[in-house]
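Below is one structure, written out as structure tokens; comments come after it.
A short reminder: the numbers here are calculations on the coordinates, not readings from a lab. From a predicted model like this one, the values you see are computed outputs, not experimental measurements. Note that we place each Cβ from the backbone using ideal geometry, even for glycine, and neighbour counts take in every protein chain shown.
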Amino acid sequence: MNYRKILHAFNNWFVFFLLAAFVVTCCTMLFVSTLSETLDIVFTEENIASAAKLTFGNVLLISLIFTIIDTVRRKLTVDRPTKCIISAGEKITGGDFSVRIEHLRDSYAYESFNSIIDCFNKMAQELGSVETLRTDFIANVSHELKTPLAIMQNYGTMLQSPDLSDKKRIEYAKGITENSRRLASLITNILKLNKLENQRIFPVSERFDLSEQLCCSLLQFEEIWEQKSIDIETDIEDSVYINSDSELLELVWNNLLSNAFKFTEKGGAVSVALTADEDFATVKIADTGCGISPETGAHIFEKFYQGDTSHAMQGNGLGLALVKRVVDIMNGEIAVESEVGIGSTFIVKLKRGDSDGLEKAD
Ligand code: ADP
């Protein structure tokens, strides 16, 4: 790289040296030849002055020719690529993010321009993908908002009919309540995700008992596991203290457990395990649900992705996107092991924080 730069600098100097030498030689030769024509007649002051004037005129002419040559050179080597970049920039300002600028042919002489072009193309590509994400996000949000609203509208219309039995009235009212709850949860999740993605949530580091937090999160699902006769297995190490943001982590356990119970059929099993060493705490949440195929597994952490549409009404495809974002913010790791028809295990590995926060089980 340095060798190339030195060669390039030498090349520039050499070209300018040749040009300058050429101009000086031309001027000198013109002066000498004008003088030598008059020399054999009379070598007077007047003759020298007229030779100098003529040479001055010639120098002006030569410099004019070189100015024209230099202007053409600048038009081709500087103005043309600059215009290209400006016109591409204007297209981007107008919203066309597909625009790309081609590399200039002589990559050696145009090294700086090609670097600017590389940066520009990268910027256009980034802006394009942000725009796609934004439009996808708006389309997804609108769709997710429309569905519960339409259902609520229907129930509301049906509730207006005068000859409605008490059973039907309660059923429709329940429908409205359920869908308004879904709507509220969707909006809460969107807001949380938005805050997390814009880094407006700064995780606080506090020392707390992860074992206790996991047990509390699990207990919140008691009604569901009793309703579905789901077997619960726990292998939670006692008093595993970590330094982390407990509120954000609660979001992780609630989403993973909610999915485990949602995707596990009646009579299945859900297990929660927590192990820890000096540096890390590892939580495993496993279920005997429908499992996740490799194709679905590749997308589960994407926003609004729902692999299993039979449970679509019970979620909005944002749960795992939130989980992933929180784990990333905490510099943790999340992995999934799953087999279709057998079940899934979500493994979350978190740093326990500095040694002051460690408190081992008795
Ligand atoms: P949702 O709230 O709609 O379930 P998530 O982001 O939580 O959205 O999950 C995305 C998708 O990941 C689900 O639609 C489902 O296909 C898959 N998934 C997540 N957890 C499980 C699980 N425990 N068992 C089977 N599939 C799961």
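Quote the FRET efficiency, to the nearest 0.05, computed for E111 versus F137 with a Förster distance R0 of 45 Å and r equal to the Cβ-Cβ distance.
That pair, E111 with F137, gives E of 0.70.
I'd like the antiparallel share, as a percent to the nearest 5, of DSSP beta bridges with both residues in the chain.
Here the share of antiparallel DSSP bridges comes out near 80 percent.
Under the rule of at least 5 residues apart or a separate chain, name every residue whose amide H is placed under 5 Å from the amide H of D245.
Placed amide hydrogens put E206 under 5 Å from D245.
What's the extension gain from K266 to K195 if we count 0.36 nm per residue and subtract their Cα-Cα distance?
21.9 nm
Mind checking the angle between helix 166-197 and the chain's longest principal axis? C-alpha axes, 0 to 90 degrees, to the nearest 10.
Between helix and principal axis, roughly 40 degrees.
Picking from F66, N114, T25, whose Cα lies most toward the positive end of the charge dipole for the range 1-145 (charges on Cβ: Lys, Arg +1; Asp, Glu -1)?
Working it through, the farthest residue towards the positive pole turns out to be N114.
Simple spin-label model, 7 Å along Cα-to-Cβ: V336 to N121 in nm?
Going by the 7 Å Cα→Cβ label model, 3.5 nm.
Report, in debye and to the nearest 20, how large the dipole of the range 176-286 comes out about its Cα centre when Lys and Arg carry +1 and Asp and Glu carry -1 on their Cβ.
In debye, rounded to 20, the range 176-286 gives about 840.
Counting only helical runs of four or more DSSP H residues, what would the 222 nm mean residue ellipticity of the chain come to if each run contributes -39,500 (n - 2.57) and the total is spread over all its residues?
Mean residue ellipticity, 222 nm, calculated: -20000 deg cm²/dmol.
Using a 7 Å offset from Cα along Cα-Cβ at V24, what residues in the range 1-15 end up with backbone N under 18 Å from the label point?
In the range 1-15, the label zone of V24 (backbone N under 18 Å from the point 7 Å along Cα→Cβ) covers 12-15.
Could you tell me how far the Cα centroid of the range 63-98 sits from the Cα centroid of the range 255-326, in Å?
Computed from Cα coordinates, the inter-centre distance equals 55 Å.
Set the Förster distance to 30 Å, then compute FRET efficiency between S161 and T188 from the Cβ-Cβ distance, nearest 0.05.
0.35
Does anyone have the angle between helix 246-262 and the longest principal axis of the chain? Alpha-carbon axes, 0 to 90°, nearest 10?
60
For the chain, place one equal point scatterer on every Cα, skip the solvent, and apply the Debye formula. What is log10 of I(q)/I(0) at q = 0.08, 0.09, 0.12 Å⁻¹?
-0.66, -0.75, -1.03
Of the options G95, G156, S129, report the single residue whose Cα projects farthest towards the positive end of the charge dipole of the range 35-190 (beta-carbon charges: Lys, Arg +1; Asp, Glu -1).
The listed residue farthest towards the positive side: G156.
Of the listed peptides 133-139, 259-265, what is their order by residue-averaged count of other C-beta atoms within 10 Å, with the highest listed first?
Result, highest mean Cβ count within 10 Å first: 259-265, 133-139.
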